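Below: the structure, in structure tokens.
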Amino acid sequence: MKIAIRCVCGHSERVLRDELWLTPAADRDGTGILRSAGLTDRLNGPFASFIGLPLHGGLPWHLSTHQGRKTFARFIGRRDRTGLDALAAHLGHVTRAMTDVGYVGTDHNLTDLIDAEATRDTRAALEDLLTSVPGMPAASPGQRQPAM
């Protein structure tokens, strides 16, 4: 953000406006707020050349403002999940779930660990069920049935 502010601060001071994304335009004062389409043109033109954006499948990768929005959300959300409510408000989402699921994503490692634990518990319960002796009390979850 500091870099963005440094890039536009001189222009903002000259035209006496405090919006962050200003661009020369056919406005009353010769300045306008940079809109999504204009920003996309700049991302795929000068910026893509500047960063040396690689080809994808032999074609230039098309950058969009939405990719930047999602990247920002993912970066913030994965660094500190306690800020998801503030992030949701910043993005204008009605619910935190929209931000968490649609933008930040899930913790696939945690999901895998939970699935593995559930699989182990299910397997143990099925083994107990299949090896139980009629008339004997069932073993508690995770505990083996005593051999007869």
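The values are calculated or read from the model by the stated rules, or taken from the named source; none is laboratory data. Note that the coordinates shown come from a computational prediction; the quantities given were computed from them, not determined experimentally. When we count neighbours, we look across all protein chains shown, and the Cβ atoms used for this are built from the backbone with ideal geometry, even at glycine. Surface areas here come from the heavy atoms of the whole protein model, side chains and all, with no ligands, DNA or RNA. Shrake-Rupley method; radii C 1.70, N 1.55, O 1.52, S 1.80 Å.
Residues in segment 77-103 that are buried (at least 16 other Cβ atoms within 10 Å of the Cβ) and either on the phi > 0 side of the Ramachandran plot or not hydroxyl-bearing (Ser, Thr, Tyr) (or both): 7 in all. Six or more apart or on different chains, Cβ under 8 Å: which pairs go from a residue in segment 53-70 that's among the basic types (Lys, Arg) to one that's part of a helix (DSSP H, G or I) and open to solvent by less than 60 Å² (accessible area, probe 1.4 Å)? Could you list them? Going by the 8 Å Cβ cut-off, the qualifying pairs are 69/91; 69/103; 70/103. Listed conditions (1) closer than 26 Å to residue 105 by Cα; (2) outside any loop (DSSP other than H, G, I, E, B); (3) open to solvent by 80 Å² or more (accessible area, probe 1.4 Å) are all met by residue 46, apart from (1).
Here residue 87 fulfils each of the conditions (1) assigned to a loop (DSSP other than H, G, I, E, B); (2) farther than 18 Å from residue 35 by Cα; (3) aliphatic (A, V, I, L, M) apart from (1).
If you check residue 74 against the conditions, is it surrounded by 13 or more Cβ atoms within 10 Å (Cβ to Cβ), among the basic types (Lys, Arg) and more than 22 Å from the chain's Cα centre (by Cα)? Lay out the reasoning, then the answer.
On the way: surrounded by 13 or more Cβ atoms within 10 Å (Cβ to Cβ): yes; among the basic types (Lys, Arg): yes; more than 22 Å from the chain's Cα centre (by Cα): no.
Against the criterion (surrounded by 13 or more Cβ atoms within 10 Å (Cβ to Cβ), among the basic types (Lys, Arg) and more than 22 Å from the chain's Cα centre (by Cα)), residue 74 does not qualify.
Based on this model, can you work out whether residue 131 counts as open to solvent by 70 Å² or more (accessible area, probe 1.4 Å), of a type in the set (Val, Ile, Thr) and modelled with pLDDT of 85 or more? Yes; evaluated as a whole, the condition is true for this residue.
Residue 60 falls short on exactly one of the conditions (1) modelled with pLDDT of 80 or more; (2) open to solvent by 60 Å² or more (accessible area, probe 1.4 Å); (3) touching a Gly at 6+ places or on another chain (Cβ under 9 Å), and that condition is (3).
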